[in-house]
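Novice: I'd like to ask you about the structure that follows.
The values are calculated or read from the model by the stated rules, or taken from the named source; none is laboratory data. Keep in mind that what you see is a predicted model, and the values were worked out from it rather than measured. Note: ideal-geometry Cβ built from the backbone for every residue, glycine included; neighbour counts use all protein chains shown.
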Amino acid sequence: MSTALQDKTRGAMGWLEERVGFSQILEMGRHKMVPVHRHTVWYYLGGMSLFLFGVQLATGILLLLYYRPSSEEAFESVQFLVTKVPFGWLIRSIHSWSANLLVFVLFLHMFSVFFLRAYRRPRELTWVSGVVLLLLALAFGFSGYLLPWNTLAFFATQVGTEVAGAVPVAGGFLLRLLRGGEQVTGGTLTRFYGFHVAVLPAITTAVLGLHLYLVQRHGMSVPERVQARAAMPFLPSFLLRDLVGWCAALGCLAFLAAFFPWELGEKADPFAPAPAGIKPEWYFAWMFQLLKLLPAHVLGVEGELVGILGISAGGVLWLMVPFLDRGEGRRSALLWALMGWAAVAAIASLTAMVYLIPGSS
Amino acid sequence: MTSFPRKAAVLALTCWAAAAAGTAGLAAEPPSLRKGPLPMETSCVVCHRELDGAALEPVTRAADDVHFQKGLACHDCHGGDPEAGMDGDPSAAHDEARGWKGKPSRLQVPELCGRCHADPAFMKRFDPQERTDQLAEYRTSGHGRRNAAGDAQAAVCVDCHGVHGVRPVTDPRSGVHPSRVAQTCARCHSDASLMAPYGLPTRQHEQYQASVHARALYEGGDTSAPTCNDCHGSHGAVPPGVSSVANVCGSCHTREATLFREIEARKGMDLEACIQCLICHSNHEVKPPTPEMLGVGEGSTCTGCHAEGDAGWAGAATMAEGLGRLRRRLAEASEQLDAAEHAGMEVGPDRFALQTASDQLVEARVLVHSFDIERFSKAAAEGIAAADEGVAAAGRAFRELRSRRNGLALSLVVIAAVMVSLILTIRRIERR
């Protein structure tokens, strides 16, 4: 590089430094220390979630360039994208696989935080914002599933929104809010598109900002009775390790997209009968199975209503965990760990029932 | 005072006596829709409800009867005065002086029904679209001509539509609903003793049940599929003449019939001799057309008339070969697109394009009826070209799949290299 060019580059960097203050940010990264101990591996799940969210954002924006949100054109536009647009199939497949991987990693991240009891004072709001982010990811999944306007998505949305309609008092309102009317129609598709690309991203950006700020403010939590052997600087040690994981995730996504491209299926026909074996996305399967297993009436109350109220109450309890877990000592830790494993076992076995037991769905 | 059971017995006897006489004159005018007791509240119903057997049967079936539902009552067909019967003497209702006609004879039935059903002004009061030509058509039918000649065995209205409990044609329980017409006709036409005096065959129903038409009707539930009356007519039922077979079949198979007629015009051929459609497809036992029917091999219908060496023989062989090639190529394209789809490729638009080949297969099969090799070959060639395009599309999908996997391998190498360099960088930094 000639001296003149080096001078110009230095000048430009100096100009930017003066205005943005990169060195302060880098300095902050170098000073931020990440504890090293036998559970450090779980710290990478947050970064992995953030990476997959970034993949969703990037591929989602590319999909937007071709997608048309109407019942007449949605399916055809996705079909055009995956058959005619160069690498369109790759972008769509990565978007779909990454969405599923993101939800999976978010569940892992949440349970790792739960079992390490990293939600305790002063990180209560970090937990709450994290759970809200998981719920937002589920909402992204639910709204995005309908967008290709294929048969499976259409009927899964019909079933899913019916569950929302069974909520006491506000059910009718919720149903109409989600569907944009009494039935799943092209209006529902346009509405879900609005949720998926505008409403949910706006809320997620705010909650994610809060979550990252709180993580930055309180640092990584070291579990009780675990001795941190040392600490590593966030920059570059932790970030470089994060990058290794992100590269592995990218390779995994590329493999899935090439060998198992996300199916498009057949265009939805609202007048056709529902195909057999309609299942929701895997992350909703346990709720779906629970509602199915409940008897028609429980103590005189409609079974579905009992299920919805039970799941809602469980969700609120889960959100309030940091405020309920105030105990100290081994007994309290054991009790919360048992509750956590019970939740994991229930979710895993109900999900397995949907996929492994023939005729259960 | 006469007790009710006695009154009922008198009434029943009076009815049967009148019925046995069977010659009571019929009113020339259709019944008017008058005010008075509802059809199910007349003295006829009140008394007959207390009787047994055949005397009770009209009452038990009246609720299902379309005439009762529209407001007509017993005396609209049988005459008499139901109001007189209400006064305590049931036999007064059967007084001939009050218009009692009793049970009409079989010879009288068509005219009795025709009093209303052949009266447009009357029928319009119930349905402005209702046909009123049934009686006129009946008179042209084999049944009607024999009835007019005094043959009481010949079918009359009630034999198909029923009596007391007449349901509309649209009611699946009606004997004239499309799904039941064949059984209704078979009640007489499959009865050898009944048909013997007329010298008519009795295997039509058995043959029809083995036909492609019956399969569409009974297995496919397609009530538009032809049954007896669609070819023979209903009220004007007659066997189609030899010269009109193509017209009868052509009322549904329009293109085949048009092509068939064109042969006569183009080649000046008289196809009446070969009984048109029937020679290949049969009449009642119309079988689904199979590939073997065309050509010169086993099961061919062409070889029934054409001999080796004549132009028809060569034409049949050419057409069979063309259809076979198109069918095989279409199956191959469909199979390969399926395989590409199972491998995860999106082939929806290519599958849609393959529809052209399927359409051309249908077209070529229809064009067989033109006996025009040039027209047939053109349609078959277009179909084969479309199927070739389907095979090519499947090939492109597989090439794309291979290139995706090669690209994946390359990208994984790049990603692995980045990961290794990152790990080395971490080690280098941490060693410092």
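Novice: Name the residue, out of A:His211, A:His218, that is surrounded by 18 or more Cβ atoms within 10 Å (Cβ to Cβ) and away from chain B (no Cβ under 14 Å).
Specialist: Working: A:His218 fails: surrounded by 18 or more Cβ atoms within 10 Å (Cβ to Cβ).
Going through A:His211, A:His218 in turn, the sole match is A:His211.
Novice: Identify all residues within the range A:58-73 that are in a loop (DSSP other than H, G, I, E, B) and not hydroxyl-bearing (Ser, Thr, Tyr); write none if there are none.
Specialist: First, pick out the residues of the range A:58-73 that are in a loop (DSSP other than H, G, I, E, B): A:65-73.
If the condition is that a residue be in a loop (DSSP other than H, G, I, E, B) and not hydroxyl-bearing (Ser, Thr, Tyr), then A:Leu65, A:Arg68, A:Pro69, A:Glu72, A:Glu73 are the ones that fit.
Novice: Ok, one more. Go through A:Val55, A:Val82, A:Val41, A:Val34 for me and flag whichever is assigned to a helix (DSSP H, G or I), touching a residue at least 40 places away in the same chain (Cβ under 8 Å) and either away from chain B (no Cβ under 14 Å) or over 22 Å from the mean Cα position of the chain (by Cα) (or both). Before you say what the answer is, go through the steps one by one.
Specialist: Numbers: A:Val55 fails: either away from chain B (no Cβ under 14 Å) or over 22 Å from the mean Cα position of the chain (by Cα) (or both); A:Val41 fails: touching a residue at least 40 places away in the same chain (Cβ under 8 Å); A:Val34 fails: assigned to a helix (DSSP H, G or I).
Exactly one of A:Val55, A:Val82, A:Val41, A:Val34 is assigned to a helix (DSSP H, G or I), touching a residue at least 40 places away in the same chain (Cβ under 8 Å) and either away from chain B (no Cβ under 14 Å) or over 22 Å from the mean Cα position of the chain (by Cα) (or both), namely A:Val82.
Novice: Check whether at least one residue in the range A:285-301 is outside any helix (DSSP H, G or I), away from chain B (no Cβ under 14 Å), farther than 21 Å from A:Trp42 by Cα and touching a Leu at 6+ places or on another chain (Cβ under 8 Å), and report yes or no. Steps first, answer last, please.
Specialist: Of the residues in the range A:285-301, the ones outside any helix (DSSP H, G or I) are A:294-301.
From what's left, away from chain B (no Cβ under 14 Å): A:294-301.
Those still in the list that are farther than 21 Å from A:Trp42 by Cα too: A:294-301.
When the remaining residues are screened for being touching a Leu at 6+ places or on another chain (Cβ under 8 Å), the result is none.
No, the conditions are met nowhere in the range A:285-301.
Novice: Do we have A:Gly340 as in contact with a His (Cβ under 8 Å, 6 or more places away or on another chain) and not hydrophobic (A, V, I, L, M, F, W, C) here?
Specialist: Working: in contact with a His (Cβ under 8 Å, 6 or more places away or on another chain): no; not hydrophobic (A, V, I, L, M, F, W, C): yes.
Judged against the criteria, A:Gly340 is not a match.
Novice: Something else: For the range B:173-290, which helices (runs of 4 or more DSSP H) that fit wholly inside it have 2 or more residues that are modelled with pLDDT of 90 or more and under 21 Å from B:Asn147 (Cβ atoms)?
Specialist: Ranges flagged: B:181-189, B:192-195, B:228-232.
Novice: Given the condition in a helix (DSSP H, G or I) and within 14 Å of chain A (Cβ to nearest Cβ), answer yes or no: does some residue in the range B:358-375 qualify?
Specialist: Taking the range B:358-375 first, the residues in a helix (DSSP H, G or I) are B:358-370, B:373-375.
From the residues that got through so far, the ones that are within 14 Å of chain A (Cβ to nearest Cβ) too are none.
There is no residue in the range B:358-375 that is in a helix (DSSP H, G or I) and within 14 Å of chain A (Cβ to nearest Cβ).
Novice: Quickly run through the range B:137-163 and pick out the residues that are farther than 22 Å from B:Asp64 by Cα, surrounded by 14 or more Cβ atoms within 10 Å (Cβ to Cβ) and of a type in the set (A, V, I, L, M, F, W, C).
Specialist: If the condition is that a residue be farther than 22 Å from B:Asp64 by Cα, surrounded by 14 or more Cβ atoms within 10 Å (Cβ to Cβ) and of a type in the set (A, V, I, L, M, F, W, C), then B:Ala154, B:Ala155 are the ones that fit.
Novice: Still on this structure, I have one more. Can you find even one residue in the range A:35-53 that is more than 24 Å from A:Leu138 (Cα to Cα), among the aliphatic types (A, V, I, L, M) and touching a Leu at 6+ places or on another chain (Cβ under 9 Å)? Give the derivation first.
Specialist: If we filter the range A:35-53 for residues that are more than 24 Å from A:Leu138 (Cα to Cα), which is where we start, we get A:35-41.
So of that shortlist, the ones also among the aliphatic types (A, V, I, L, M) come out as A:36, A:41.
Among the residues that remain, those that are also touching a Leu at 6+ places or on another chain (Cβ under 9 Å) are: none.
No: zero hits.
Novice: Among the candidates A:Ala258, A:Ala337, which residue alone is of a type in the set (Gly, Ala, Ser) and in contact with a Gly (Cβ under 8 Å, 6 or more places away or on another chain)?
Specialist: Values: A:Ala337 fails: in contact with a Gly (Cβ under 8 Å, 6 or more places away or on another chain).
Sole residue among the options that is of a type in the set (Gly, Ala, Ser) and in contact with a Gly (Cβ under 8 Å, 6 or more places away or on another chain): A:Ala258.
Quick grid of which residues meet (1) away from chain A (no Cβ under 13 Å); (2) more than 28 Å from B:Pro349 (Cα to Cα); (3) without any contact (Cβ under 8 Å) to a residue 60 or more places away in the chain:
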| residue | (1), (2), (3) |
| --- | --- |
| B:Ala385 | yes, no, yes |
| B:Asp388 | yes, no, yes |
| B:Asn406 | no, no, yes |
| B:Leu410 | no, yes, yes |
| B:Thr425 | no, yes, yes |
| B:Arg431 | no, yes, yes |
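Novice: In this structure, is B:Glu374 modelled with pLDDT of 95 or more and within 27 Å of B:Gly322 (Cβ to Cβ)?
Specialist: Values: modelled with pLDDT of 95 or more: no; within 27 Å of B:Gly322 (Cβ to Cβ): yes.
Spelling it out, it is not the case that B:Glu374 is modelled with pLDDT of 95 or more and within 27 Å of B:Gly322 (Cβ to Cβ).
Novice: Next question, about the same structure. Does B:Pro168 satisfy being outside any helix (DSSP H, G or I) and either over 30 Å from B:His284 (Cα atoms) or of a type in the set (Ser, Thr, Tyr) (or both)?
Specialist: Numbers: outside any helix (DSSP H, G or I): yes; either over 30 Å from B:His284 (Cα atoms) or of a type in the set (Ser, Thr, Tyr) (or both): no.
Taking the combined requirement at face value, the residue does not satisfy it.
Novice: Right, another one. Take the residues in the range B:103-122 that are in contact (Cβ under 8 Å) with a residue 60 or more places away in the chain and either assigned to a helix (DSSP H, G or I) or charged (D, E, K, R) (or both), then tell me which one is nearest to B:Val45 (Cα to Cα). Show your work before the answer.
Specialist: Initially, the range B:103-122 is screened for residues in contact (Cβ under 8 Å) with a residue 60 or more places away in the chain, giving B:103-105, B:108, B:111-112, B:115-116, B:119, B:122.
Going one step further and asking which of them are either assigned to a helix (DSSP H, G or I) or charged (D, E, K, R) (or both), we end up with B:103, B:111-112, B:115-116, B:119, B:122.
Numbers: B:Lys103: 16, B:Glu111: 25, B:Leu112: 21, B:Arg115: 23, B:Cys116: 22, B:Asp119: 27, B:Phe122: 25 Å.
Restricting to residues being in contact (Cβ under 8 Å) with a residue 60 or more places away in the chain and either assigned to a helix (DSSP H, G or I) or charged (D, E, K, R) (or both), the top hit is B:Lys103.
Novice: Within the set of pairs 6+ apart or on separate chains, which have a first residue in the range B:326-351 that is within 14 Å of chain A (Cβ to nearest Cβ), a second that is of a type in the set (Lys, Arg) and surrounded by 14 or more Cβ atoms within 10 Å (Cβ to Cβ), and C-beta atoms under 6 Å apart?
Specialist: Filtered contacts from the range B:326-351: B:Leu337/B:Arg351.
Novice: Which number in (1) within 14 Å of another protein chain (Cβ to nearest Cβ); (2) closer than 30 Å to A:Pro270 by Cα; (3) among the basic types (Lys, Arg) marks the one condition that A:Arg68 misses?
Specialist: It fails just one condition, (1).
Novice: Looking only at helices (runs of 4 or more DSSP H) that fall completely inside the range B:50-102, which ones have 3 or more residues that are buried (at least 21 other Cβ atoms within 10 Å of the Cβ)?
Specialist: Values: elements: B:53-62, B:66-69, B:74-78, B:82-85.
Output list reads B:74-78.
Novice: Keeping to the range B:306-315, report how many residues are surrounded by fewer than 14 Cβ atoms within 10 Å (Cβ to Cβ) and assigned to a loop (DSSP other than H, G, I, E, B). Steps first, please.
Specialist: Step one: filter the range B:306-315 for residues surrounded by fewer than 14 Cβ atoms within 10 Å (Cβ to Cβ), giving B:307-311.
If we keep only those that are assigned to a loop (DSSP other than H, G, I, E, B) too, we end up with B:307-310.
Residues meeting the conditions: 4.
Novice: Further question on the same structure: Return yes when A:Trp97 is touching a Cys at 6+ places or on another chain (Cβ under 9 Å) and closer than 20 Å to A:Leu256 by Cα and no when it is not.
Specialist: yes
Novice: I'd like the residue in the range A:246-282 that is more than 9 Å from chain B (Cβ to nearest Cβ) and free of Cβ contacts under 8 Å to residues at least 24 places away in the same chain and, out of all such residues, is nearest to A:His95 (Cα to Cα).
Specialist: Within the range A:246-282, the match that is nearest to A:His95 (Cα to Cα) is A:Ala276.
Novice: A further question on this structure: With respect to the numbered conditions (1) touching a residue at least 24 places away in the same chain (Cβ under 8 Å); (2) part of a loop (DSSP other than H, G, I, E, B), which one is the sole condition not fulfilled by B:Asp159?
Specialist: Unmet condition: (2).
Novice: Under 7 Å by Cβ, and 6 or more places apart or on different chains, what pairs join a residue from the range A:226-245 that is closer than 20 Å to B:Val414 by Cα with one that is hydroxyl-bearing (Ser, Thr, Tyr)?
Specialist: Qualifying pairs under 7 Å: A:Leu240/B:Thr425; A:Arg241/A:Tyr44; A:Asp242/A:Tyr44; A:Gly245/A:Tyr44.
Novice: Right, something else. Residue by residue through the range B:355-372, note down the ones that are surrounded by fewer than 22 Cβ atoms within 10 Å (Cβ to Cβ) and within 17 Å of B:Ala394 (Cα to Cα).
Specialist: Within the range B:355-372, B:Gln355, B:Thr356, B:Ser358 qualify.
Residue-by-condition table, conditions (1) crowded, with 21+ Cβ neighbours inside 10 Å; (2) outside any helix (DSSP H, G or I):
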site: A:Gly130; (1), (2): yes, no
site: A:Leu136; (1), (2): no, no
site: A:Ala156; (1), (2): yes, no
site: A:Gly181; (1), (2): no, yes
site: A:Phe192; (1), (2): yes, no
site: A:Thr204; (1), (2): no, no
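Novice: Now, a different point. Looking only at the range B:138-151, decide whether some residue is touching a residue at least 60 places away in the same chain (Cβ under 8 Å), of a type in the set (Phe, Trp, Tyr) and either more than 16 Å from B:Asn229 (Cβ to Cβ) or touching a strand residue (DSSP E or B) at 6+ places or on another chain (Cβ under 7 Å) (or both).
Specialist: no
Novice: Give the residues of the range B:99-152 that are closer than 19 Å to B:Gln69 by Cα, in contact with an Asp or Glu (Cβ under 8 Å, 6 or more places away or on another chain) and among the polar types (S, T, N, Q), sorted by residue number.
Specialist: none
Table: residues versus (1) in contact with a Lys or Arg (Cβ under 7 Å, 6 or more places away or on another chain); (2) within 14 Å of A:Ala248 (Cβ to Cβ); (3) surrounded by 15 or more Cβ atoms within 10 Å (Cβ to Cβ).
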residue: B:Ser377; (1), (2), (3): no, no, yes
residue: B:Ala387; (1), (2), (3): yes, no, yes
residue: B:Gly390; (1), (2), (3): no, no, yes
residue: B:Gly395; (1), (2), (3): no, no, no
residue: B:Arg405; (1), (2), (3): no, no, no
residue: B:Leu410; (1), (2), (3): no, no, no
residue: B:Val418; (1), (2), (3): no, yes, yes
residue: B:Leu424; (1), (2), (3): no, no, no
